[in-house]
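**Q** Have a look at this one before I ask anything.
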Amino acid sequence: MTTRDLALSALFAAIIIVLGLVPPVTLGFIPVPITMQSMGVMLAGTIIGAKRGALAYIIFVALVAVGLPVLSGGRGGLAVLMGPTGGYIFGWIVAAFVSGFLAERLVREGASEWRQLGGFFLSSVLGGIVVLYAIGMPWVTLAAGTPFSAVAWGSLAFIPGDLLKAAVAAIAARSVLAGYPLLPQRA
Amino acid sequence: MDIIFSDCSVRYGERTALEPLSLRIEGARLGVIGLNGSGKTTFARLINGLSLPSTGRVTVNGIETSAEPERARTEAGFVFQNPQNQLIMPVVEEDIMFGLRARGLKACAAEERAAEALARFGIEALARRRVHELSGGELQLAAMASVWALRPRILVLDEPTNQLDLRNRRRVIDAIDAMPEDAVVVTHDLSFAAHMPRLLLFHGGRLLADGAPDETIARYHEIAGC
Amino acid sequence: MLTSLYVEGRGPLHRVTAGTKLAGLAIAGVVLFFVTQLWLLAVFLFLAALAYLTAGLSIREALRRIAPTLWSLLFLLAVNLFLLPMQDAAVLGLRILALVFAAAAVTATTPLAEMMAVVDRVARPLEKLNLLRPGDAGLTFGLCLRFVPDILSRYEALREAHRARGLKVRVLTLLGPLIILTLKQADEVASAIDARGLRGASKPFPSSERHSS
């Protein structure tokens, strides 16, 4: 870990906290406001890469665990981690890593804008949705005992919103790649 | 201080930030002026091994920066242009303590040293304040205290009076003047530069003038065209 | 601005060390999975709720803090009632409620500094493996908390800039600049950390008394 890795991860974790403190903002093309913190996991991996993105989330989850109200809506503490949705929170670490791992391989610096956007979108969907749910849903079943099939059916309701977030995250990741590329310097 | 630049140049890829330079700096104070992008910050960063020469070498009080960058950094402390980004812990005292503890000092010794540094710059009252809430002048003084606490022999200050109001500018200049340590000051503040015993002028990565402040400043006005 | 969910107090749990409480919580998490007796789980739940509700918060505030978790839990338990035999649903419900209350109790009775000390202890094996340098854990947490208010101010400034130019505040026009500006700052911060030699005690501190003159 270089000092730069630590600083990038720590400040990205701080961005994730700030995104939970500010009120939800509308996307523009649809009038629904979205909580920006929930996009953090897709942004972290695709913008600062797998290792640093995962580290940012290790810092963030540790801050939740030590009792700081850093989750959106001022939530935090061990109760959230022990609760039925705790798996999603731990899952963020893996999801950020996978998003970053895929983005590092799918997105090339010289590629056309659409190819980059596609790469970021795919990375966000696979890491931030597929992997995240693969960890979060069994946890719900394990913690609350609700049968897996019911959890899976219920989770479908969140998929459209998540796909939209993946699209927004992809656009944001591309604009950062254009303005201040950090992803290619794999850490 | 005794800083020797021998045929030292810095290149970033294609771009030359500093043309080959040979120079010896002695005495207690040195001022550095020049336009934006003239190479003066690169020059300053070379002194404590933050930037390393692409060719040639720099020795600071006998320490060659390329060979021992970590030792060079303990010898010469660096106060950045934007003190905001230099204070890395949430509370002023914590920040100073963190640097000292990282150097292996015990908690009580570090506390003593931190108190001494705060007193040196007249900011004892800021000890428990949050870094985020400090004003520009307070930030500058706190950043200087945090570097000074590590006991470098030389302090390199990059535009220390930048963006300060008149009163805070005076406070910072007085604090620099009162330091027993040697100092290299990079500045756009010409009236501050004017009372340095020796002043360097950089232009386009080259050392253009080196000497008494009035001559160097006159030259600076010439090249700036105003 | 970011204050811990810790509550000052002198209750019995306040006097237990952070390490013991966390270990206890972890053990409870495992052990409760093998307990299926309703009455025993009810006793656990009663004790955990008692511990949390007597930690020093008003009952209202105490419940408000864990309300989102409780609501999602109640929803899942209602689903369980439809899908599972009554007995199973009750066992599952009591078990997780007990754990949530116990976890909230640990958070409410352990000061931030003690929690951080535990994190440091957890990080120590990583230092031995040379993955981290001593003090890195403290450095990264400090950095993160130090820059939260800065980034929040930056966010507000970006919103203002939108308004000043008559633009609507939108996610995409905010996120990009916010992230780019912050990551540029991270680079400066990193070089300042190196300049001050803030990572690890690689060499003993020079002991000469340079300032005494």
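**Q** Which members of the stretch B:167-208 meet the condition of being more than 22 Å from B:I154 (Cβ to Cβ) and not in a helix (DSSP H, G or I)?
**A** Correct list: B:H203, B:G204, B:G205, B:R206, B:L208.
**Q** Also, quick follow-up: Examine the stretch C:69-81 for a residue that is of a type outside the set (D, E), under 16 Å from A:G83 (Cα atoms), in contact with a strand residue (DSSP E or B) (Cβ under 9 Å, 6 or more places away or on another chain) and in a helix (DSSP H, G or I), and state whether such a residue exists.
**A** yes
**Q** Here is a further query. Picking from A:A152, A:A172, which residue would you name as being crowded, with 22+ Cβ neighbours inside 10 Å and within 14 Å of chain C (Cβ to nearest Cβ)?
**A** A:A172
**Q** For residues in the stretch B:118-161 being touching a His at 6+ places or on another chain (Cβ under 9 Å) and not hydroxyl-bearing (S, T, Y), which is farthest from B:V184 (Cα to Cα)?
**A** B:R120
**Q** I'm told C:P111 meets every condition in (1) modelled with pLDDT under 85; (2) surrounded by fewer than 17 Cβ atoms within 10 Å (Cβ to Cβ); (3) under 17 Å from C:L22 (Cβ atoms) except one. Can you identify the failing condition by its number?
**A** Condition not satisfied by C:P111: (1).
**Q** Here's another thing I want to ask about it. In the stretch C:125-150, which residue that is in contact (Cβ under 8 Å) with a residue 24 or more places away in the chain and within 17 Å of A:Y57 (Cα to Cα) is surrounded by the most Cβ atoms within 10 Å (Cβ to Cβ)?
**A** Checking each candidate, the answer is C:F147.
Residue by residue, here is whether (1) in a loop (DSSP other than H, G, I, E, B); (2) away from every other protein chain (no Cβ under 12 Å); (3) in contact (Cβ under 8 Å) with a residue 40 or more places away in the chain holds:
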position	(1), (2), (3)
B:L50	yes, no, no
B:T59	no, yes, yes
B:E70	no, no, no
B:Q81	yes, no, yes
B:I88	yes, no, no
B:M97	no, no, no
B:A115	no, yes, no
B:V147	no, no, yes
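**Q** Please pick out the residue among A:V70, A:V64, A:V140, A:V94 that is in contact with a strand residue (DSSP E or B) (Cβ under 8 Å, 6 or more places away or on another chain) and under 30 Å from C:R95 (Cα atoms).
**A** Sole residue among the options that is in contact with a strand residue (DSSP E or B) (Cβ under 8 Å, 6 or more places away or on another chain) and under 30 Å from C:R95 (Cα atoms): A:V64.
**Q** Applying the selection to the stretch A:109-130, what residues are surrounded by 13 or more Cβ atoms within 10 Å (Cβ to Cβ), free of Cβ contacts under 8 Å to residues at least 60 places away in the same chain and within 13 Å of A:R174 (Cβ to Cβ)?
**A** If the condition is that a residue be surrounded by 13 or more Cβ atoms within 10 Å (Cβ to Cβ), free of Cβ contacts under 8 Å to residues at least 60 places away in the same chain and within 13 Å of A:R174 (Cβ to Cβ), then A:A111, A:R115, A:L117, A:G118, A:G119, A:F121, A:L122 are the ones that fit.
**Q** Right, here's the next one. With the checklist (1) more than 16 Å from the chain's Cα centre (by Cα); (2) facing chain C (nearest Cβ under 7 Å) in hand, flag the one item A:A10 doesn't pass.
**A** (1)
**Q** Sticking with this structure for a sec: Give me the residue from the stretch B:117-143 that is in a helix (DSSP H, G or I) and within 12 Å of another protein chain (Cβ to nearest Cβ) and, out of that set, surrounded by the most Cβ atoms within 10 Å (Cβ to Cβ).
**A** Going through the qualifying residues, I end up with B:A143.
**Q** Can you name every residue in the stretch C:15-43 that is more than 11 Å from C:A98 (Cα to Cα) and of a type in the set (G, A, S)?
**A** C:A18, C:G19, C:A23, C:G24, C:A26
**Q** Quickly run through the stretch C:147-203 and pick out the residues that are over 24 Å from A:G53 (Cβ atoms), more than 7 Å from every other protein chain (Cβ to nearest Cβ), aliphatic (A, V, I, L, M) and in a helix (DSSP H, G or I).
**A** C:A157, C:A161, C:A164 - these are the residues of the stretch C:147-203 that are over 24 Å from A:G53 (Cβ atoms), more than 7 Å from every other protein chain (Cβ to nearest Cβ), aliphatic (A, V, I, L, M) and in a helix (DSSP H, G or I).
**Q** So which helices (runs of 4 or more DSSP H) stay within the stretch A:43-122 end to end and still have 1 or more residues that are aromatic (F, W, Y) and either within 19 Å of A:K165 (Cβ to Cβ) or within 14 Å of chain C (Cβ to nearest Cβ) (or both)?
**A** A:50-65, A:86-106
**Q** Which numbered condition in (1) more than 7 Å from every other protein chain (Cβ to nearest Cβ); (2) of a type outside the set (S, T, Y); (3) in a helix (DSSP H, G or I) is the only one that C:M116 fails?
**A** (1)
**Q** Quick test for you: out of C:V16, C:V31, C:V79, pick the one residue that is surrounded by 13 or more Cβ atoms within 10 Å (Cβ to Cβ), more than 13 Å from chain A (Cβ to nearest Cβ) and at pLDDT below 90.
**A** C:V16
**Q** May I ask you to list the residues in the stretch B:121-135 that are without any contact (Cβ under 8 Å) to a residue 40 or more places away in the chain and not hydroxyl-bearing (S, T, Y)?
**A** Passing the criteria: B:I123, B:E124, B:A125, B:L126, B:A127, B:R128, B:R129, B:E133.
**Q** I'd like to know if the stretch B:14-34 contains one or more residues that are crowded, with 24+ Cβ neighbours inside 10 Å, within 13 Å of another protein chain (Cβ to nearest Cβ) and closer than 26 Å to B:L164 by Cβ.
**A** No; the residues of the stretch B:14-34 include none that is crowded, with 24+ Cβ neighbours inside 10 Å, within 13 Å of another protein chain (Cβ to nearest Cβ) and closer than 26 Å to B:L164 by Cβ.
**Q** Also: Go through the stretch B:153-166 and give me each residue that's in contact (Cβ under 8 Å) with a residue 12 or more places away in the chain and either at negative phi or in a strand (DSSP E or B) (or both).
**A** B:R153, B:I154, B:L155, B:V156, B:L157, B:D158, B:P160, B:T161, B:N162, B:L164, B:D165, listed by residue number.
The values are calculated or read from the model by the stated rules, or taken from the named source; none is laboratory data. Treat the numbers as computed from the prediction; the structure is a model and nothing was measured. For neighbour counting, all protein chains shown are included, and Cβ atoms are generated from backbone atoms with ideal geometry for every residue, glycine included.
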